[in-house]
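Have a look at the structure below before the remarks.
FYI, it's all coordinate maths here, none of it is from the lab. No experiment lies behind these values; they were computed from the predicted model shown. When we count neighbours, we look across all protein chains shown, and the Cβ atoms used for this are built from the backbone with ideal geometry, even at glycine.
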Amino acid sequence: MIDEKLQPILSTVLHRNAGEAEFHQAVREVLESLGRVIARHPEYADEALIERICEPERQIIFRVPWIDDNDQVQINRGFRVQFNSALGPYKGGVRFHPSVNIGIVKFLGFEQIFKNALSGLPIGGGKGGSDFDPKGRSDREIMRFCQSFMVELHRHIGEYVDVPAGDIGVGAREIGYMFGMYKRLNNRFEAGVLTGKGLVYGGSRARKEATGFGTVYFVRSMLENMGTDFEDKRCVVSGSGNVAIYAMQKINAFGGKVVACSDSGGVIIDEDGIDLDLVREIKEERRGRISEYAEAKGAGCTYKHGGNIWDVPCDLAFPCATQNELDGRDAKALIKNGVTVVAEGANMPCTPEAVKQFQAAGVRFAPGKAANAGGVATSALEMQQNASRDSWSFEKTEERLAEIMGNIHDSCVQTADEYGAPDDYVLGANIAGFLRVADAMRAMGVI
Ligand code: NDP
């Protein structure tokens, strides 16, 4: 329920951003939490502060022409939404996926504001991407696309302005091509302009692992709070990309057992525990399909083409693929099968109906803006290393990541308690993130 004082803000957002369903969903979810803040501190509703948070500071949409391997000209659309810079330069990933549009980029940018605030690091919120589909494209095509994308983007970014990173469809390869073009266009080796870089030219150790590892660190704190741990817990992780792979690695390290993962083609179930080396070989080296896992494993592993991973019974569920991949029906199936914790490795993978079901059933639920903040936090550590021309060890970086995730967890719990909603991580994350951004915005006046 949205407080009646905040209802006009939502109405304006819906009207001004017509048709952007995911953006509406993300704003509604935050506004639902803020009623308790303005009831206690009405000054946070002054000077249209919440209205200003819901309006991006800048939105850039551009043409990306490139030439494919058949010598044909292709046109894609590029986006960068610079949402809020109250806490630092805009920071957030770039997504290449055919589903990308301005509404998706705005939802991701909006979430990023609060996530980055929760990390406690000096970074604002932004997001970008393109409707370019990298699947089936050659290395050369990927390079030409990334170069063309950067020919426009370079005018809008910089280490003190806006620092993009990876997301769906954008990993170290794409960041490398984009960084190369940025360097050429600007004639500056400005390492801090992009994060997720390769280690040899300014990347950070543990950045690749950070989002997945961070989510599992967050869940470890949740389990500790419940008086338990990962030992022998059955886990299900959707997706088999960057976040999913490193979430699975850390679950295994903490003594849990992952029995299923997926891609957009289907689901694999392996009761012996997912063989992560094989998944990495298929996904990171061959850029193949998860169905190849079942082909390689033979009997003992099931592949369900188009299957629903949330029907697989588990104690802990980690949606790590994409937005709205887990709905009310899926939540009911998970609850029926005894799930106790659900943590979003992806951004907004659970629909509002699913979240409601989990909370009503007493399932502990961690929203993405808290649980997957380890990626952007480690990106900020990469910026820190670039600024000091330093390179930290894996251990030191992971130690900082673990500490940050522990702090985010505690801040969610404390804030939820303080606002009368114990164990409500959604409310805790939204309010704690909001207060940090709002305090900075209030100090800076109406800008
Ligand atoms: P990847 O591109 O590495 O992997 C994405 C995975 O999700 C793939 O297995 C992909 O399958 C699957 N997937 C993507 N879109 C769909 C879809 N529409 N339906 C079903 N499955 C889909 O991306 P990441 O792992 O980097 O990102 C995953 C999620 O985590 C996203 O929500 C992202 O915003 C979020 N995130 C990522 C961070 C990072 O550091 N990378 C940081 C914080 C959040 P297929 O290959 O078949 O498409």
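List of remarks:
- Karplus-derived HN-Hα couplings along the range 134-149 (A = 6.51, B = -1.76, C = 1.60, θ = phi - 60°), whole Hz, x at Gly and Pro: x, 4, x, 8, 6, 4, 5, 5, 4, 5, 5, 5, 4, 5, 5, 4
- Ranked list, fewest to most other Cβ atoms within 10 Å of each Cβ, for Y246, Y419: Y419, Y246
- Placing a label point 7 Å from the Cα of A18 along the Cα-to-Cβ direction, the residues of the range 30-69 whose backbone N falls under 20 Å of that point are 55-56.
- Length-normalised contact order of the chain in % [C-alpha pairs under 8 Å, at least 6 apart]: 15
- Relative to one another, the C-alpha centroids of the range 119-164 and the range 261-297 are positioned 28 Å apart.
- For I447, neighbours were defined as the other residues whose beta-carbon sits under 10 Å from its Cβ, and their charges (Lys and Arg +1, Asp and Glu -1) total 0.
- For a label point 7 Å along the Cα-to-beta-carbon line of M1, residues of the range 14-45 with backbone N under 15 Å: 32-37, 39
- Residue of T351, T215, T195 that the Gaussian network model of the chain assigns the largest fluctuation, springs spanning Cα pairs under 10 Å: T351
- 13 Å beta-carbon shell around G214, net charge (K/R +1, D/E -1): +2
- Within the range 342-410, the trypsin sites (Lys or Arg not before Pro) that combine a DSSP coil assignment with at most 16 other C-beta atoms in a 10 angstrom radius are R389.
- For the chain, a Gaussian network of Cα nodes joined below 10 Å ranks D311, D46, D327 by mean-square fluctuation, and the top entry is D46.
- Gaussian network model of the chain, springs between alpha carbon atoms under 10 Å - residue of G428, G88, G125 with greatest fluctuation: G88
- Positive minus negative residues near R137 (Lys, Arg vs Asp, Glu; Cβ under 13 Å): -1
- Whole-Hz couplings from phi, Karplus 6.51/-1.76/1.60, listed for the range 178-193; x for Gly and Pro: 5, 5, x, 5, 4, 4, 5, 5, 9, 6, 9, 8, 9, 4, x, 7
- Exposure proxy ranking, count of Cβ atoms within 10 Å, fewest first, for M150, M444: M444, M150
- Gain in span if fully extended, H305 to D229, counting 0.36 nm per residue against the direct Cα distance: 24.1 nm
- Neighbour-count order for L153, L185, fewest beta carbons within 10 angstrom listed first: L185, L153
- Projected label points at R184 and S11, each 7 Å from Cα along the beta carbon direction, are separated by 5.3 nanometres.
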